Amino acid sequence: MAMDETRKLLQRRASEYLFNHSRGVEKCACRLAQVYGVDKAKASLAGLLHDYGKIYPEKVLRQIALEQSLGDELIFREPKLLHAPVGAWLLRHELGIGDEDVLAAIRVHTTGAAGIPLLAKIVYLADYIEPGRVYPGVDELRRIAFKNLNQALLNALERTIKHVLEKKKVLHPDSIAFRNSLLLS
Ligand SMILES: [Fe+2]
Ligand SMILES: [Fe+2]
């Protein structure tokens, strides 16, 4: 499917908010890809479709996760994490997207994981700093993002982990492994 066709499809099916966020991540991922020498087409596609799973109600996501054995127990219990692995599955089986790099980046975009490829790092970070995101320090993080990818990721990930702790939510071990791999790299 051509990129503009994919955008139109997403625009039809996503809320205005989700569509705008997805376009923001697409553009931001493309710019980061340019800087870090990653395939721009893959970064754009993965950015645009990273939240494809969010189009579906939680109930449907759980059903698919159960039937297809996607994610682990923690991901299954946390709807905010579930849309990533199920979204990747849906993209393959509904839209026929077969690019393993793109699907892998989408699969890990909520938790991160140890030693993830550059493309996945870029999508993770673009999700955090796309132009629609507003929080204290976002501009500084945007600056770091284009200078030192791992430092920006560590900053974004630690913010997320703090937020998860404050909300007394489950912290996925892959996020800890991701942080350690960034610290040790
Ligand atoms: Fe997401
Ligand atoms: Fe997102």
Exercise. Could you work out how far apart the two model spin labels at residue 167 and residue 60 are, taking each label as a point 7 Å from the Cα in the direction of the beta carbon, and quote it in nm?
Key: 2.2
Quiz item: In vacuo Debye scattering of the stretch 100-156, one point per C-alpha: log10 I(q)/I(0) at q = 0.21 Å⁻¹?
Solution: -0.75
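Normalising by the residue count of the stretch 3-184, find the relative contact order in percent from Cα pairs under 8 Å and 6+ residues apart.
22
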Quiz item: Among 93-100, 40-47, how do they line up from the highest to the lowest mean number of other beta-carbon atoms within 10 Å?
Solution: 40-47, 93-100
Quiz item: Quick one: with all protein chains in place, what share of the accessible area of the chain is carbon or sulfur, to the nearest percent (1.4 Å probe)?
Solution: 54
Quiz item: Once every DSSP H run of n ≥ 4 in the chain is given -39500 (n - 2.57) and the sum is divided by its residues, what mean residue ellipticity at 222 nm do you get, rounded to the nearest 500 deg cm²/dmol?
Solution: -22000 deg cm²/dmol
Quiz item: Stokes-Einstein at 10 °C, 1.306 mPa s, Kirkwood radius from Cα pairs: D for the stretch 40-144 in µm² s⁻¹?
Solution: 112
Practice problem: Could you tell me which of the pairs 27/59; 40/169; 42/80; 40/168; 40/162; 8/162 are separated by over 28 angstrom between their Cα atoms in the structure shown? | Solution: 27/59; 40/169; 40/168; 40/162; 8/162
Quiz prompt | Net charge dipole size for the stretch 3-184 [Lys, Arg +1 and Asp, Glu -1 on Cβ; Debye, nearest 20] | solution = 460
Quiz item: Expressed as a fraction of 2.2 N^0.38 Å, the rule-of-thumb size for a compact globular protein of N residues, what is the C-alpha radius of gyration of the chain?
Solution: 0.96
Quiz item: Separation of the stretch 92-159 and the stretch 1-68 by C-alpha centroid, Å?
Solution: 12
Practice problem: Select from the stretch 124-181 those trypsin sites (Lys or Arg not before Pro) which occupy a DSSP coil region and have at most 10 other Cβ atoms within 10 Å, ordered by residue number. | Solution: 147, 167, 168
Quiz item: In units of 2.2 N^0.38 Å, what is the alpha-carbon radius of gyration of the stretch 1-102?
Solution: 1.08
Quiz item: Given a 1.4 Å probe, how much area per residue of the chain is accessible, in Å²?
Solution: 51
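The values are calculated or read from the model by the stated rules, or taken from the named source; none is laboratory data. The model shown is predicted, which means the values in this text are computed figures rather than measured ones. As a convention, Cβ positions derive from the backbone with ideal geometry for all residues, glycine included, and neighbour counts pool all protein chains shown. Ligands, DNA and RNA are stripped out before the accessible areas are found, and what is left, the full protein with its side chains, is counted by its heavy atoms. Shrake-Rupley method; radii C 1.70, N 1.55, O 1.52, S 1.80 Å.
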